[in-house]
Every structure is written in C-alpha cells, then in structure tokens.
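Undergrad: Sharing a structure below in structure tokens format, with a few things to ask.
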Amino acid sequence: MKIKINKIKALFYNDKGAYIKECDIYINGNKIVSIGQKPEDFAADKIINGNKKLAIPGLINAHTHSYMSVFRNIADDLSFEDWLFGRINPLEDKLTEEDIYWGAMLACIEMIKTGTTCFVDMNMNMQSVIRAVTDTGMRAVLSRGLVGKGNDEGGRKRLEETIDAYKNCKNDNISFLLGPHAPYTCDCEYLKIVTDTAKKYNLGMTIHLSESENEVENIKKAHKMSPIELMDKIGLFEAPVIAAHCVWLSDNDIKILADKNVSVATNPKSNLKLANGIAPLTKMHDHGINITIGTDSTASNNSLNMFSEMNYTALLHKGVTHDPTVINASDVLRFATKNAAIAVSNKNLGEIKEGMLADITILDIDCPQFYPENELVSALVYSAAGYETDTVIINGRILMENKILTTVDTERVYAECERVIERIDR
Ligand code: NI
C-alpha cells in the first residue's frame, strides 16, 4: 500500500538533537520512500491528514515481559523478593500457553495505543508471544527467559525453544535474542553455554543485571566480583547485549559496559516501585553508553506506556544529580527511538527518514497539554500522556487509525484476561 501523510509536523534528528519540521511523508510498502518530495509516479492509496497531528518514529520499548500483563495491579507494595518469589513466580507457574497469548495481546494493545511500535520481550513461551505479535501486526524482538544450572535438561530445553523459534519463525517483523534471565537464576556454566549458542547463531542477548542491591551483594559473596564483572569474565559481552536495569554499578562496571558496547535498558518506574533504587544514568550517558528505555512488565510498573517512562527518565536524574541540564528531552527521545534501534541491531528503525522501515506513531496534538505550541520536543517528554496516539503504522501497515485498532478485538482480549486471572488467582 502507498500512504501519503499530508503536511504533518514530524520529529527528526540532527547532530544537535531532536527537532520538528512540517513535511509530507511518503510510504510505499513497508518503507518510508520520501520526506517532502513526491516520488515519481506515486499515487497514494491512502492519504492521512496531518493537520494538528505530530509524527514521531515509533517508540521502542527495550525491556518488557508482555505476557505478565495479566498480573497488572496484583502484587503491589511488596519487597522485590516477596514480589518475585512470593507472588509472581507461583502465579507464573499456573499460566498456560493460551494465558500467555492473551497477556501478550493485552500488552500489544496497550503499547500500540501509547505509540510503541516495537518491543524487546523476555517471555515464558515463545510460540504464544509470536502468535500475539503476528495477530496484532506489531514488531518485536523476542527472547525466551532462560533459567538453568550447568547443562540441566530444563535449561537446555528453554534454549532449544528459542533456537527452534529463531529457525522457523516466518514473520519478518520478529527477530530474536537469547534471554538468560539473570546471574542469580543462571549459573556460570549455563551462561557460558548460552553465550556460545549466541555466538554460533550470531544472536544478541538480553539479561537483567545489577537490578537490586541484594543481587549485587550475593554475587559478590559467591564470586568476589560484581555481576557486570562476572558477565565480562564469562564472555557474555562478546555478543551484542541489552542489559536491563543496571541500577547498582561501580565505576569499573560502567567502564566495562562502555568498553564492551553493552546497551543498557533503564526501567525507572519498575526500579522505583520495587524500591530497587535509581540507575546512575547520567554517569552512563557521560561514558557514551547506548542507553535505551524499557517499561519492564505491568507487574512492576504498572503500565507499558513509554511516554510515562520517558517522562520519569527525564525528571528523575535531574532530581538525583541536582542538575536540571542533564538528560534533556531530546536525549530521552533518542533513547526511546534511535538508541533502541542500535540496541536491537536494526539499522532501519528509529527515525523518520527515507529508506527506513515505516514504523510511525502519529499523535493528535489538538489537546490542552500540547497548547500553546512552544516546543513540541519538550511537549513529547514533559506534557504528553501517551494516549494522544491517534494513528500507528508498523511496517507500512496501519494498525490503529483515529484511535481505533484495526487488527484486534480489544473487548475479547480484555474478557479473556479477566478469565485468566479469575482461574489462577480468585
Ligand atoms: Ni524484567
């Protein structure tokens, strides 16, 4: 399909940062083919009116667990350990493949409605999430959460499930990472096996690292080094890695992350809610680390709204450092788009630019929080709620238009999610 977005204000990047310019955007098939200049013989099948709208590159959620959407508001105001081991893990054990599908569907609906076009997922069942991503038309980078000891059967099976999905998935909108869960759920031998497998198949990895103070203390007790130092010793960072959280870091940890080109997915709301602390993001930024933003799951956030997450990312570090000039709106938008595209090794994502994949979020800015129109870059980070998202295009396909989803029966998904939680917890 050929789409023309007519006279729309759009977000672009140059060396100085993000800026807004009004233009026409031309999409042919799954690509942006021109900005401004009408391509020869371009006859649009569909024209989107850009009046009082703002186009931005689709946001990329760099760390979540989509299936956990069924656990929204089910385990709040608990310590990290009580939350994970006492409440979430026992509930997870009751989930069927079908439950995981409905949870992922709910996550996709929430993400599309708040302008996210791609997400990095760590899940419990690859096929269920592949189905949800395919049914909704989203873009996703999927990893099966890997937990294992040495060469144990469970760990081997989970790894095989990932490789099997990687080899057989026919959806071009889906790519894969290996997802070793964390240094406290995978032992060193298993982490080495996972790393060797990543190298063999040329895959990246994603892992939770240095999320809680307890985790860092326990790893230090057992290994005489920090989780980051341990991962470096194991050789994990020789593959492209997205490290989620990275809250408790020493200067040496930051140096390792920078030297090894590790991308960091910061999850400010999850870290606050579970009282895990605040990541040293300004320091990481100063060291040139590729920073991205994730929501983590709805069980620890409790939403998948990247606008809210961008807002926290911008505000939090000014407060902590007592310096309002750090981590500005333009930086944060870059974290959620261009940097995330680098993290998932997709050169064709993260910008509205000729030749890039057509993943575009269009906001309706005819609402009080966008008036007066002084600086739209700031408005996106400091004023937007996320639900201004009006139209979402992913891979050249319109998945939401005038706030109506085109691929999903939302009422059915809501009802199925209620049924899941009714069965396992009420
Ligand atoms: Ni997580």
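Undergrad: State all residues of the range 158-186 that are touching a Gly at 6+ places or on another chain (Cβ under 9 Å) and part of a helix (DSSP H, G or I); if no residue qualifies, say none.
TA: Of everything in the range 158-186, those that are touching a Gly at 6+ places or on another chain (Cβ under 9 Å) and part of a helix (DSSP H, G or I) turn out to be Arg158, Leu159, Thr162.
Undergrad: Moving on. In this structure, does His245 turn out to be within 12 Å of the ligand (Cβ to nearest atom) and either at negative phi or in the same structural domain as Asn89 (by TED's automatic domain parsing) (or both)?
TA: Yes: the conditions hold for His245.
Undergrad: Next question. For Val377, indicate whether it is assigned to a helix (DSSP H, G or I), more than 16 Å from the ligand (Cβ to nearest atom) and in contact with a helix residue (DSSP H, G or I) (Cβ under 7 Å, 6 or more places away or on another chain).
TA: Against the criterion (assigned to a helix (DSSP H, G or I), more than 16 Å from the ligand (Cβ to nearest atom) and in contact with a helix residue (DSSP H, G or I) (Cβ under 7 Å, 6 or more places away or on another chain)), Val377 qualifies.
Undergrad: Is there a residue in the range 357-366 that is outside any loop (DSSP other than H, G, I, E, B), surrounded by fewer than 19 Cβ atoms within 10 Å (Cβ to Cβ) and among the acidic types (Asp, Glu)?
TA: Step one: list which residues in the range 357-366 are outside any loop (DSSP other than H, G, I, E, B), which gives 357, 360-364.
From the residues that got through so far, the ones that are surrounded by fewer than 19 Cβ atoms within 10 Å (Cβ to Cβ) too are 364.
Filter again for among the acidic types (Asp, Glu), leaving 364.
For the range 357-366, residues outside any loop (DSSP other than H, G, I, E, B), surrounded by fewer than 19 Cβ atoms within 10 Å (Cβ to Cβ) and among the acidic types (Asp, Glu): present.
Undergrad: Here is a follow-up. Quick one: what pairs do we get from the range 386-412, first residue among the basic types (Lys, Arg), second assigned to a strand (DSSP E or B), C-beta under 9 Å, 6+ apart or different chains?
TA: Here the result reads Lys403/Asp364; Lys403/Thr389; Lys403/Asp390; Lys403/Thr391, each pair linking the range 386-412 to a residue that is assigned to a strand (DSSP E or B).
Undergrad: At pLDDT 95 or above, part of a helix (DSSP H, G or I) and surrounded by 14 or more Cβ atoms within 10 Å (Cβ to Cβ): does that describe Val216?
TA: Numbers: at pLDDT 95 or above: yes; part of a helix (DSSP H, G or I): yes; surrounded by 14 or more Cβ atoms within 10 Å (Cβ to Cβ): yes.
Yes; evaluated as a whole, the condition is true for this residue.
Undergrad: Regarding Asn49, is this residue on the phi < 0 side of the Ramachandran plot, surrounded by fewer than 22 Cβ atoms within 10 Å (Cβ to Cβ) and in contact with a strand residue (DSSP E or B) (Cβ under 6 Å, 6 or more places away or on another chain)?
TA: When the stated conditions are applied, Asn49 passes them.
Undergrad: If you don't mind, there's one more thing I want to ask. Quick check on Ala275: is it within 16 Å of the ligand (Cβ to nearest atom), farther than 25 Å from Ile56 by Cβ and part of a helix (DSSP H, G or I)?
TA: Spelling it out, it is not the case that Ala275 is within 16 Å of the ligand (Cβ to nearest atom), farther than 25 Å from Ile56 by Cβ and part of a helix (DSSP H, G or I).
Undergrad: Go through the range 59-114 and give me each residue that's in contact with a Lys or Arg (Cβ under 6 Å, 6 or more places away or on another chain) and in a loop (DSSP other than H, G, I, E, B).
TA: First, the residues of the range 59-114 that are in contact with a Lys or Arg (Cβ under 6 Å, 6 or more places away or on another chain): 75, 101.
Residue satisfying the conditions is Ala75 alone.
Undergrad: I've got another one for you. Only residues that are more than 16 Å from the ligand (Cβ to nearest atom) and at negative phi: list them for the range 282-304, please. Spell out how you get there, then give the answer.
TA: Step one: filter the range 282-304 for residues more than 16 Å from the ligand (Cβ to nearest atom), giving 282-291.
Thr282, Lys283, Met284, His285, Asp286, His287, Ile289, Asn290, Ile291 - these are the residues of the range 282-304 that are more than 16 Å from the ligand (Cβ to nearest atom) and at negative phi.
Undergrad: On the given criteria, is Asn276 more than 17 Å from the chain's Cα centre (by Cα), among the polar types (S, T, N, Q) and at positive phi?
TA: no
Undergrad: Residues that are aromatic (Phe, Trp, Tyr), surrounded by 12 or more Cβ atoms within 10 Å (Cβ to Cβ) and within 16 Å of the ligand (Cβ to nearest atom): does the range 82-90 have at least one?
TA: Among the residues of the range 82-90, at least one is aromatic (Phe, Trp, Tyr), surrounded by 12 or more Cβ atoms within 10 Å (Cβ to Cβ) and within 16 Å of the ligand (Cβ to nearest atom), which makes the answer yes.
Undergrad: Which pairs do you get when a residue that is farther than 16 Å from Met122 by Cβ, found in the range 195-214, comes within reach of a residue that is in a helix (DSSP H, G or I) and at pLDDT below 95, reach meaning Cβ atoms under 6 angstrom, with the pair 6+ apart or on two chains?
TA: Cβ pairs passing all conditions: Ser212/Phe80.
Undergrad: Might you let me know whether the range 215-222 holds any residue that is within 16 Å of the ligand (Cβ to nearest atom) and either closer than 22 Å to Asn123 by Cβ or acidic (Asp, Glu) (or both)?
TA: Checked the range 215-222: at least one residue is within 16 Å of the ligand (Cβ to nearest atom) and either closer than 22 Å to Asn123 by Cβ or acidic (Asp, Glu) (or both).
Undergrad: From the residues in the range 54-81 that are farther than 26 Å from Ala384 by Cβ and buried (at least 24 other Cβ atoms within 10 Å of the Cβ), which one is farthest from the ligand (Cβ to nearest atom)? Lay out the reasoning, then the answer.
TA: First, pick out the residues of the range 54-81 that are farther than 26 Å from Ala384 by Cβ: 67, 70-71, 74-75, 77-81.
Narrowing the set further to residues that are buried (at least 24 other Cβ atoms within 10 Å of the Cβ) leaves 67, 70-71.
Working: Tyr67: 12, Val70: 16, Phe71: 12 Å.
If we take residues in the range 54-81 being farther than 26 Å from Ala384 by Cβ and buried (at least 24 other Cβ atoms within 10 Å of the Cβ), then Val70 is farthest from the ligand (Cβ to nearest atom).
Undergrad: Kindly establish whether Ala104 is of a type in the set (Gly, Ala, Ser) and more than 13 Å from the ligand (Cβ to nearest atom).
TA: Answer is yes for this residue.
Undergrad: Tell me the residue from Leu316, Leu304, Leu257, Leu274 that is at pLDDT below 95 and among the aliphatic types (A, V, I, L, M), please.
TA: Leu274
Undergrad: Let me ask you something else. Restricting attention to the range 91-111, report how many residues are more than 21 Å from Gly386 (Cα to Cα) and buried (at least 17 other Cβ atoms within 10 Å of the Cβ).
TA: Residues meeting the conditions: 7.
Undergrad: Still on this structure, please answer the following. Criterion first (free of Cβ contacts under 8 Å to residues at least 40 places away in the same chain, assigned by TED's automatic domain parsing to the domain that holds Asp366 and assigned to a loop (DSSP other than H, G, I, E, B)) does Lys21 satisfy it? Can you show your working first?
TA: Details: free of Cβ contacts under 8 Å to residues at least 40 places away in the same chain: yes; assigned by TED's automatic domain parsing to the domain that holds Asp366: yes; assigned to a loop (DSSP other than H, G, I, E, B): no.
Taking the combined requirement at face value, the residue does not satisfy it.
The values are calculated or read from the model by the stated rules, or taken from the named source; none is laboratory data. No experiment lies behind these values; they were computed from the predicted model shown. Counting neighbours? That spans all protein chains shown, and the Cβs are built from the backbone with ideal geometry, glycine included.
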